Amino acid sequence: MEYIPVIVLILSFVCLLSIGTPVAWSIAISSLVTMLVSIPALPAFTAVSQRIGTGIDSFALLAIPFFILSGELMNKGGIAQRLISFAKTLVGALPGGLALINVISAMLMGAIAGSAMASASAMGSILGPEMEKEGYSKEFGAAVNVTSATTGLLIPPSNVLIVYSLASGGVSIAALFLAGYIPGILTGFLLMVVSFLWAKKKGYNVGERSSLKQIVKSFVIALPSLFMLVVVIGGIVSGIFTATEASAIAVLYSLLLGFIYGEINVKNLSGILLKSSATTAIVMLLIGTSMGMSWVLSFENIPQEISANLLTLSDNKIIILIIINLLLLFVGIFMDMTPAVLIFTPIFLPIVTKLGIDPVHFGIIMILNLCIGLCTPPVGSVLFVGVGVANTTIEKVIKPLLPLFVAMILSLFLITYFPQLSLWLPNLFDI
């Protein structure tokens, strides 16, 4: 293995990040510097810029800006409040009821909006002050909000599952969407168990029990929002439309719902479109530069060398998955999810497929791994959003975060070594 390109790539990337260079530019510049070590300047500049351009030249990626827009419409369209009211009637009377409401609402909001940051922002803004008023510590509320927001990246529709499909060379998006349900719900359930035990130990206030009439009423109010899941996922699974077409339908549905609820009008629509455009630009730049780095890795034969070296360590599936999980957990601490998926999928996927692991199953393992990274400093984007909304500090949130991390790692262990948790639904629908 030629170590000089690897050393140049890692050192240049780490140095650029350490001086505050944005992630996308760090990826692009380090990729270019690595190519300059191997080939002359003109073809190096040409190859990297071309790969960044072709990296976003994919029909499947059209789903991402549409899902980002639909998520923003849902976030501003009064959806979060209706989902919280529904969750409150279900678990509000249990110990730690408001924390449990946060988890359930985040799962529903994340599933509808497809964005962990949107979920953390919406849930933190609405539930944070209410939890504080009821005697919950600000730090515990922020910890629950941050970790539960990531469940929406597993429960479809999820932009990062679309990115994994692209990076893997065409794994079925419909299969990935179905595969994410049980792992996402399992992760949310374990977070609820930890929240329940923590709240019971701290003696937080318990809410009033809701009557069946109240439950039914809140469900009916939330039903139009929840029905979007049926429209989008049902249409994809039944083959009525593709994931890209489903994303456009999601925009129309969420826009119509926002107008009906009266939360969206012509006046505030321009702001929603502008914010969605800005988010889309950031995501697409990350995708383009990450695809460029992925090509540089392939050009230098690095994935094949890593694969061969890992398989010489062991051919035991359990050991290899432990090593890959540890590496991904480490990567997630320092790298945002989208570039991590695009860069490391081509490296690890050939290894696991040689061991007989389904690419759909591995996709869920990878996404959950990197979800944990979103909650950890120094690059945890969801952590920063959750802490900012709660008006507290990362140092204070770490203590209540630790048991919730344990719940997420337990979920990761179960999903890794019990593949049917991911594959049962895709197999049931024969996808």
Which of the residues belonging to region 271-303 are within 25 Å of Pro350 (Cα to Cα), within 21 Å of the chain's Cα centre (by Cα) and of a type outside the set (A, V, I, L, M)? Gly288, Thr289, Ser290, Ser294
Looking at Ile104 and the list (1) within 21 Å of Leu286 (Cα to Cα); (2) at pLDDT 80 or above; (3) surrounded by fewer than 24 Cβ atoms within 10 Å (Cβ to Cβ), which single condition is not satisfied? (1)
Out of (1) under 29 Å from Ile282 (Cβ atoms); (2) in contact (Cβ under 8 Å) with a residue 40 or more places away in the chain, the odd one out for Pro22 is which? (2)
Taking interchain pairs and intrachain pairs at least six residues apart, which have beta carbon atoms under 6 angstrom, with the first residue in region 201-217 and at pLDDT 75 or above and the second assigned to a loop (DSSP other than H, G, I, E, B)? Arg209/Ala93
Consider only pairs whose beta carbons are under 8 Å apart and that are at least six residues apart or on different chains; among these, list those whose first residue lies in region 358-373 and is over 20 Å from Ser148 (Cα atoms) and whose second residue is small (Gly, Ala, Ser). Asp358/Ser422; Pro359/Ser168; Val360/Ser172; Val360/Ala175; Val360/Ala179; Val360/Ser422; His361/Ala179; His361/Ser422
Filter result for the condition that a residue is assigned to a helix (DSSP H, G or I), crowded, with 22+ Cβ neighbours inside 10 Å, in contact (Cβ under 8 Å) with a residue 60 or more places away in the chain and not hydroxyl-bearing (Ser, Thr, Tyr), over Val6, Val48: Val48
Please verify whether region 331-350 includes one or more residues that are assigned by TED's automatic domain parsing to the domain that holds Ser168, surrounded by 15 or more Cβ atoms within 10 Å (Cβ to Cβ), acidic (Asp, Glu) and within 19 Å of the chain's Cα centre (by Cα). yes
Restricting to region 10-45, give me the number of residues that are outside any loop (DSSP other than H, G, I, E, B), of a type in the set (Val, Ile, Thr) and surrounded by fewer than 18 Cβ atoms within 10 Å (Cβ to Cβ). 4
Going by the structure shown, is Ile364 in contact with a Gly (Cβ under 8 Å, 6 or more places away or on another chain), of a type outside the set (Gly, Ala, Ser) and closer than 13 Å to Leu176 by Cα? yes
Identify, please: which residue in region 66-90 is in contact (Cβ under 8 Å) with a residue 60 or more places away in the chain and of a type in the set (A, V, I, L, M) and is, among those, surrounded by the fewest Cβ atoms within 10 Å (Cβ to Cβ)? Leu90
Only residues that are of a type in the set (Phe, Trp, Tyr), out of contact with any helix residue (DSSP H, G or I) (no Cβ under 7 Å at 6 or more places or on another chain) and over 18 Å from Leu414 (Cα atoms): list them for region 159-206, please. Tyr204
Set Ser298, Ser277, Ser307, Ser314: member being at pLDDT 85 or above and of a type in the set (Ser, Thr, Tyr): Ser277
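The values are calculated or read from the model by the stated rules, or taken from the named source; none is laboratory data. Just so it is clear, the model here is predicted, and its values are computed rather than measured. Cβ atoms come from the backbone with ideal geometry, glycine included; neighbour counts cover every protein chain shown.
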